[in-house]
Amino acid sequence: MSKYTKYQKPRKMKEKRIHPIWRGIGCILALFLPVMSYFLSIELINFGLANEWPIPREILGYVHIPRQVWIVNLPSSLINPINRFPNLVAVVLFTFVILILLTGLISWIYSLLYRFIGPPQLSPIDAAPIKTKNVRKSR
């Protein structure tokens, strides 16, 4: 022991464990949200085309694979579904936008629920905040 240090027993830290139900909900959301946003984007594009929404023509239509790709010995079973999918670029873009919006909405709802239902902000060993009166001083 040196002159300026004290011996303290090492504290045992309790590990905070997440309730298993939250892992299941997270897993379901991680699988459910992308699939839901994909199907929602397909329906949204079809609805937009039927009602003449201003969707850019550059992202509509079929994807054209350059001839140089066909020279490489890639299985055509990988490339042909891409060629046959209508509005692929629009579907991918809309899927990502809808996925980001849905994730943000669920995070916002979760934060509201946690704010109202979650644990208190101060633990039993915290001191209460100091209450002061704002007195306006004049010189």
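For GLU43 and TRP70, compute 0.36 nm times the residue count separating them, minus their Cα-Cα distance, and round to one decimal in nm.
Gain on stretching GLU43 to TRP70: 6.5 nm.
Taking the highest mean first, how do the peptides 117-124, 20-27, 86-93 order by number of other beta carbon atoms within 10 angstrom per residue?
My ranking of the peptides, most packed first, is 86-93, 20-27, 117-124.
Could you derive backbone 3J(HN,Hα) for region 108-119 from the dihedral phi with the Karplus parameters 6.51, -1.76 and 1.60 (θ = phi - 60°), listing whole Hz in sequence and x where the residue is Gly or Pro?
5, 5, 5, 5, 5, 5, 5, 5, 8, 9, x, x
What percent does the relative contact order of region 21-117 come to when contacts are Cα pairs within less than 8 Å and at least six residues apart?
Details: 53 pairs, mean separation 36.9, N = 97.
Dividing the mean separation by the residue count of region 21-117 yields 38 percent.
Length gain on complete extension for the stretch GLU15 to TRP53, per 0.36 nm per residue less the alpha carbon to alpha carbon distance?
Numbers: separation 38, 0.36 × 38 = 13.68 nm, distance 5.29 nm.
Length gained, GLU15 through TRP53: 8.4 nm.
Per residue of region 128-136, what does 6.51 cos²θ - 1.76 cosθ + 1.60 with θ = phi - 60° give for ³J(HN,Hα)? Whole Hz please, x for Gly and Pro, Karplus curve as stated.
Whole-Hz 3J(HN,Hα) from phi for region 128-136: 5, x, 6, 9, 10, 9, 7, 9, 7.
By how many degrees, 0 to 90 and rounded to 10, does the Cα axis of helix 20-50 deviate from the longest principal axis of the chain?
40 degrees
Between ASN83 and TRP108, what is the spin-label point distance in nm, taking each point 7 Å from the Cα along the Cα→C-beta axis?
Going from the ASN83 label point to the TRP108 one covers 4.4 nm.
How much length is gained on full extension from ARG23 to TYR62, taking 0.36 nm per residue of separation minus their Cα-Cα distance?
The ARG23-TYR62 span can extend by a further 10.1 nm.
Which value results when the Cα radius of gyration for region 3-55 is divided by 2.2 N^0.38 Å?
Values: Rg = 26.0 Å, N = 53, 2.2 N^0.38 = 9.9 Å.
Rounded to two decimals, the normalised Rg is 2.61.
Among (1) 54, 27, 18; (2) 44, 13, 12; (3) 23, 20, 13, find the value of semi-axes √(5λ) of the Cα gyration tensor in Å that was calculated from the structure presented, and write down its label.
Among (1) 54, 27, 18; (2) 44, 13, 12; (3) 23, 20, 13, the one calculated here is (1).
Any read-out appearing in this document is the output of simple, stated calculations on the displayed coordinates, not a laboratory observation. Keep in mind that this is a model prediction, so the values were computed, not measured. Don't worry about glycine lacking a Cβ; one is built from the backbone with ideal geometry, like all the others, and counts go over all protein chains shown.
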